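Reading through the structure tokens given below for one structure.
The values are calculated or read from the model by the stated rules, or taken from the named source; none is laboratory data. Worth saying up front: this structure is predicted, and the values here are computed from it rather than measured. In this analysis, Cβ positions are derived from the backbone assuming ideal geometry, glycine residues included, and neighbour counts consider all displayed protein chains.
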Amino acid sequence: MLELLGNGLVTVFSFKVLILIIGGVAGGIVIGALPGLTATMGVALLLPLTFGMDPVGGILLLLGIYAGAIYGGSISAILLKTPGTPAAAATVLDGFEMAKRGEAGRALGISTVASFAGGTISVILLTLISPQLAKLALKFSAAEYFALAMFGLSIIASISGKHLLKGLLAGVIGLLVSTIGIDLVTGYQRFTFGNMNLFNGLSFISVMIGLFALSQAFVSIETMVKKLVIKQKVDRVLPSLSDIKKITPTTIRSGLIGTFIGIIPGAGADIGAFVAYNEAKRFSKHPNDFGTGIPEGIAAPEAANNGVTGGAMVPLLTLGIPGDATTAIMLGALIMQGLQPGPLLFVNHAPLIYTIFAGFFVANLIVLILGLIGIRFFTKIIDIPSYVLTPIIIVLCVVGSFAINNSLFDVRVMLISGVIGYIMEKLEFPASPIVLALILGPMAERELRKALIMSGGEASVFFTRPISAVLLVVAAITLLTPIIKSIIKKSKEKRMKV
């Protein structure tokens, strides 16, 4: 294996291949930083460019875009409270708060290092134990997927912060909105009102852009003569030793969580980021500080969502099963190059596979280099006067939401979501629970009904399967712990007043 990796590195560091990887990562960062242009969209748009390329160059170009776009989403999430990709939605919670304090450079540095670490962890695991990890993913059936979705939804209690009831209410609203569309089992139209644009439900990306980005633009309009946030001063781009020490355990744990989530087909980087954020909060000695702008709150989602990139490649290469939407496009790219993913791929094309592993590591290294070099330039964005930056944000919101399906209906959804997000911010309702519910709600409903159909209506199927039972128990603990703590805290306060 080491010999194959060594030969792969020699190939990767050839001028032509290295330029393709650098170009892919740079393009991916730009795509990820623009709201609405997801990693999946970036890989899909540039897939035709690989038609005439050799397999190594073409595949590594796409992997560079993939890694760069996942990282790029954190740039706008931190600077503008606008997640460039769904995977960066959790980064907003602490990243933007840190930027508001004038520490945008520090936040971006932590994000860059954590992204590199998470991606590197996933590549190492992809290289060493991909066949074994893929076997674990095969044990997931509908019951396990439902339990995983419920575990993700239970995180709503943790990310709601001080406004627990408001966060839970927002999550319920998100779940209700997620039911819009055609029922996949019965074919019945739910809350569509005869509008064909609602048959597939609302685009959560449009909703996300409206809730996070457009609402922030509306807030900025109120104080148009001021900057969007305070002026940033970037003294250094590398995180301090103190920050490195703080985020190291969180980064390693989150990278492993992201890799595991990525191995499960259909889960995705957005779920991995929220799960890792919740676990970082659970293991923290100061959980109440999450959401106020702390290093661990940035490192956890960024290490996890970049960890998903390597994890999602595990079932793709070993079983021919895409781990997420982006690797589904990668599956097409491999087949287009005459490569059939599966166990025989490691037998018939071992040198190529290990070259891809080596190239993926180099892509993550380039993410680190370009990210650190670009921090001083990224932070210049928020030094732009509000009367210039706010119209740019609004235009990006419109273009990003339209680009999803080339539909003006998505733009209207984004505008309505922006107004709702503005009202929610005024009433101190957290927006993240709605987005999380929109992402996980359809998955939870679909897998619940599949599991019940397969078991003949027996709900015991969720507790007789070990993985499902453990996930549901952990989900219950995650959901109830903040509620119980809140009740105990209020009880203590009442006794003290008496």
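How many residues are under 22 Å from residue 78 (Cα atoms), among the β-branched types (Val, Ile, Thr) and either in contact with a helix residue (DSSP H, G or I) (Cβ under 9 Å, 6 or more places away or on another chain) or touching a residue at least 40 places away in the same chain (Cβ under 8 Å) (or both) if we restrict to segment 393-415?
Here the count works out to 4.
Residue 274: of a type in the set (Phe, Trp, Tyr), part of a helix (DSSP H, G or I), at pLDDT 85 or above and buried (at least 24 other Cβ atoms within 10 Å of the Cβ), yes or no?
For residue 274, the condition - of a type in the set (Phe, Trp, Tyr), part of a helix (DSSP H, G or I), at pLDDT 85 or above and buried (at least 24 other Cβ atoms within 10 Å of the Cβ) - is met.
For residue 43, are the conditions met, namely being hydrophobic (A, V, I, L, M, F, W, C) and at pLDDT 80 or above?
no
Here is a list: 408, 436. Which entry is among the hydrophobic types (A, V, I, L, M, F, W, C) and surrounded by fewer than 17 Cβ atoms within 10 Å (Cβ to Cβ)?
Answer to the selection: 408.
Of the numbered conditions (1) without any contact (Cβ under 8 Å) to a residue 24 or more places away in the chain; (2) in a helix (DSSP H, G or I), residue 456 satisfies every one except a single condition; which is it?
Checking residue 456 against (1) without any contact (Cβ under 8 Å) to a residue 24 or more places away in the chain; (2) in a helix (DSSP H, G or I), the one that fails is (2).
Name the single residue, out of those in segment 239-271 being farther than 18 Å from residue 327 by Cα and touching a Gly at 6+ places or on another chain (Cβ under 6 Å), that is surrounded by the fewest Cβ atoms within 10 Å (Cβ to Cβ). Show your work before the answer.
Within segment 239-271, the subset farther than 18 Å from residue 327 by Cα is 239-257.
From what's left, touching a Gly at 6+ places or on another chain (Cβ under 6 Å): 239, 255.
On the way: 239: 25, 255: 33.
Filtering first and then ranking leaves 239.
Could we say that residue 226 is modelled with pLDDT under 75 and closer than 19 Å to residue 75 by Cα here?
No.
Output the number of residues of segment 176-207 satisfying the condition of being touching a Leu at 6+ places or on another chain (Cβ under 8 Å) and in a helix (DSSP H, G or I).
Matching residues across segment 176-207 total 4.
What's the number of the condition residue 102 fails, among (1) modelled with pLDDT under 85; (2) surrounded by fewer than 24 Cβ atoms within 10 Å (Cβ to Cβ); (3) under 16 Å from residue 308 (Cβ atoms)?
Result: residue 102 passes all but (3).
If you go through segment 83-102, how many residues are of a type in the set (Lys, Arg) and in a helix (DSSP H, G or I)?
Residues meeting the conditions: 1.
May I ask you to list pairs of residues, at least six apart or on different chains, whose Cβ atoms are under 8 Å apart, with the first in segment 416-438 being more than 17 Å from residue 219 (Cβ to Cβ) and the second being surrounded by fewer than 24 Cβ atoms within 10 Å (Cβ to Cβ) and among the polar types (S, T, N, Q)?
Cβ pairs passing all conditions: 433/160; 437/178; 438/178.
What's the number of the only condition in (1) of a type in the set (D, E, K, R); (2) at pLDDT 80 or above; (3) surrounded by fewer than 21 Cβ atoms within 10 Å (Cβ to Cβ) that residue 144 fails to meet?
The single condition residue 144 does not satisfy is (3).
If you go through segment 170-188 one residue at a time, how many are surrounded by fewer than 16 Cβ atoms within 10 Å (Cβ to Cβ) and not aromatic (Phe, Trp, Tyr)?
Our first condition is that a residue be surrounded by fewer than 16 Cβ atoms within 10 Å (Cβ to Cβ); within segment 170-188, this holds for 172, 176, 179, 182-188.
Checking the rest, the ones that are also not aromatic (Phe, Trp, Tyr) come to 172, 176, 179, 182-187.
Adding up the residues that qualify gives 9.
Looking only at segment 461-498, which residues are farther than 29 Å from residue 281 by Cα and over 32 Å from the mean Cα position of the chain (by Cα)?
497, 498
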